[in-house]
Amino acid sequence: MPRPGRRPKPTAIKKAAGNPGRRPLNENEPQPEDGVRSPYGLSPRAKSAWRRLSPQLKKMGCLKRIDAEALARYCTLLARYWEAEKFIEKHGTSYPIRGENGKVKYLQQVPQVGMANKLAPLLAKLEQEFGMTPSARAAISLPPGESDEESIEAFAARKPRLLGRAG
């Protein structure tokens, strides 16, 4: 059962923002592993979304191994959303329903409109979770100059045996 009230911000985000609420931080918050891989079974369009989004989310620090299924779900929903939008663009949003006399009685909405309308808020919610909206990113602050590339000196300090140095 969900807890009442506002959902807590992750401790990492609070630390990055300088703990503006000044409440005690949860130092015992679980820290999931890095190293996320694309799950099996994604459609080609969902895989494309994964390949486009996952590197950016990793760089932002918003993607860990435990998040792979949530991102896969997002990519699958996004693929369905774009398939529905592609159908709507090609065929329109409605089709005529004719009476026995051949005259148009009314226009019926194509099912893809309903699908797109239901998928949009689900996608928006997951986008908030992953920091993929401007307001969600406003709460995240990365240390200046942080890079994915490690300096040779830092690598040598971590892996002295690989470079022929005693550790």
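The values are calculated or read from the model by the stated rules, or taken from the named source; none is laboratory data. All values derive from a computational prediction rather than experimental measurement. Cβ: placed from backbone, ideal geometry, glycine included. Neighbour counts: every protein chain shown.
General observations
- Any chance residue 140 is surrounded by 14 or more Cβ atoms within 10 Å (Cβ to Cβ) and either modelled with pLDDT of 95 or more or within 25 Å of residue 56 (Cα to Cα) (or both): yes
- Among the candidates 40, 81, the residue that is closer than 21 Å to residue 136 by Cβ and not in a strand (DSSP E or B) is uniquely 81.
- The condition (being aliphatic (A, V, I, L, M), surrounded by fewer than 17 Cβ atoms within 10 Å (Cβ to Cβ) and closer than 23 Å to residue 120 by Cβ) is satisfied by just one residue among 79, 70: 70.
- Residue within region 109-120 that is outside any helix (DSSP H, G or I), touching a Pro at 6+ places or on another chain (Cβ under 9 Å) and among the aliphatic types (A, V, I, L, M) present: no
- Hits in region 106-137 - residues which are farther than 17 Å from residue 49 by Cβ, surrounded by fewer than 13 Cβ atoms within 10 Å (Cβ to Cβ) and among the aliphatic types (A, V, I, L, M): 107
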